[in-house]
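The values are calculated or read from the model by the stated rules, or taken from the named source; none is laboratory data. Keep in mind the model is a prediction, meaning the values are calculated, not measured. When we count neighbours, we look across all protein chains shown, and the Cβ atoms used for this are built from the backbone with ideal geometry, even at glycine. For the accessible areas, the whole protein counts, side chains as well, though only heavy atoms, and no ligand, DNA or RNA atoms are used. Shrake-Rupley method; radii C 1.70, N 1.55, O 1.52, S 1.80 Å.
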Amino acid sequence: MTERIVIVGGGTGGTVLANRLAERLEPELETDDVEIVLINDGEKQFYKPAYLYIPFGKKEVSEATKPIPDLIPRAVDFRVDRVERIDTDRKQVTLASGGGLAYDHLVVATGSNLVPEETPGLVEGGHHFYGPEGAEALREELVEFREGHIVLSVIGVPHMCPAAPVEFTLMVDDWLRKRGLREDVEITYTYPIQRAHGLQSIADWVTPIFEERDINLETFFNVQEVDPDTQTLETMEGKSLEYDLLVGIPPHDGSDLVREAGLGDDGWVAVDQHTLEAEHAEDVYAVGDAADIPTSKAGSVAHYAAGTVADRISSRVRDQQPVTTFDGKTVCFIETGMDEATFVSFDYGSEPTMREPSKPIHWSKLGYNESYWLTARGLI
């Protein structure tokens, strides 16, 4: 009987996993002992880190998009469909197109969802760069911005690309200086906890940089609502902050699919942080943002986690005891302006060591952005 592996979600984690499984299980695929099915609700994958560059005219949405069939081998059965229900008792998913699909191994790679509507006034009063339309709209605002107050407010945590709000703030500062507009623009960065970033080492590193560049820092700043008419942020702590251009990092949410399946009450799949196996169901795994693990919701996490899950599922298919585990490995480039960057790496229980920003690291990040599609194919 053919053993079926179903992957729900065609983002970084889903496509890397599909490629790694196809490579590891090539003999079983050739003899039809294994079937790999990748289900996504659209035909395209989006490289979200590229959206950071769109507001500054350095990238186009088209450069951040590829058809998923171009990223996976023919041995993988790719289906454009929506999974509407997961029944972990019957080991079956229900599809929007009709009918059910049984699985022997299920991997949830549904990512994060933006929910700006959860903050009153944010949709009408703010901009963001966490999606293609948002990034393009922000570009139109920035190109006309000459004077006033730009506020970058991290409104929801956790969120994708944890360093991106810091990057945008440092980039917009440099971008305005290069255009001779910085003296007429005030910049403020806000964060919900009592430091500038969730990771202490990044907070300690960026705080003096903000001070040196005359960027205001507001911590323990939890936005309760946005008033688009008065262009004011109101916080749970009773603070008010006026803005002329608001770049709000919107709240993120997990998946109702996960909640309804009993895999995680908050929409993220509760997993063992080392095996990435679901705590509330057998033969279910999660990779990428969908997994509730104590590290960043970053593309590199999805990449490395996918390798772990591919190894563990391959071992189980072959009736072997899985030995590969995930250590929380995370790597991240951090832009510090328009032409310099730094680089961090860390894993569970460790803090990144901050490196001196440089032009070569910036060009390394741009080089990786160009080669990302090789990563999605599981080649690097």
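Data table
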quantity	calculated
Over the chain: helical MRE at 222 nm, DSSP H runs n ≥ 4 each giving -39500 (n - 2.57), nearest 500	-8500 deg cm²/dmol
Accessible area per residue in Å² at 1.4 Å probe, computed on the chain	43 Å²
Cα centroid separation, the range 184-210 to the range 35-89 (Å)	32 Å
Qualifying lysines (Cα of each under 20 Å from Cα of LYS58; at least 8 residues distant if same chain)	LYS48, LYS66, LYS178, LYS359, LYS365
Antiparallel DSSP beta bridges within the chain, percent to nearest 5	45 percent
Theoretical FRET efficiency, 1/(1+(r/R0)^6), r = Cβ-Cβ of ARG82 and GLU212, R0 56 Å, to 0.05	0.70
Estimated inter-spin distance, GLU118 and GLN194, nm [label 7 Å along Cα→Cβ]	2.4 nm
Mean separation of Cα contacts under 8 Å, 6 or more apart, over the residue count of the chain: relative contact order %	19 percent
Pairwise label distance in nanometres, ARG74 with HIS149, each label 7 Å out on the Cα-Cβ vector	6.1 nm
Sum of side-chain charges, THR325 neighbourhood, beta-carbon under 13 Å (Lys, Arg +1; Asp, Glu -1)	-3
MET236 - accessible surface, heavy atoms, 1.4 Å probe, Å² rounded to 10	130 Å²
Estimated vicinal HN-Hα couplings, Hz - the range 51-60 in sequence order (Karplus 6.51, -1.76, 1.60; Gly, Pro = x)	5, 4, 8, 4, x, 9, x, 9, 8, 10
Contact order relative to length of the range 115-251, as percent, for alpha carbon pairs under 8 angstrom and 6 or more apart	38 percent
Extended-chain gain in nm, criterion 0.36 nm per residue less alpha-carbon gap, TYR348 and ALA96	87.0 nm
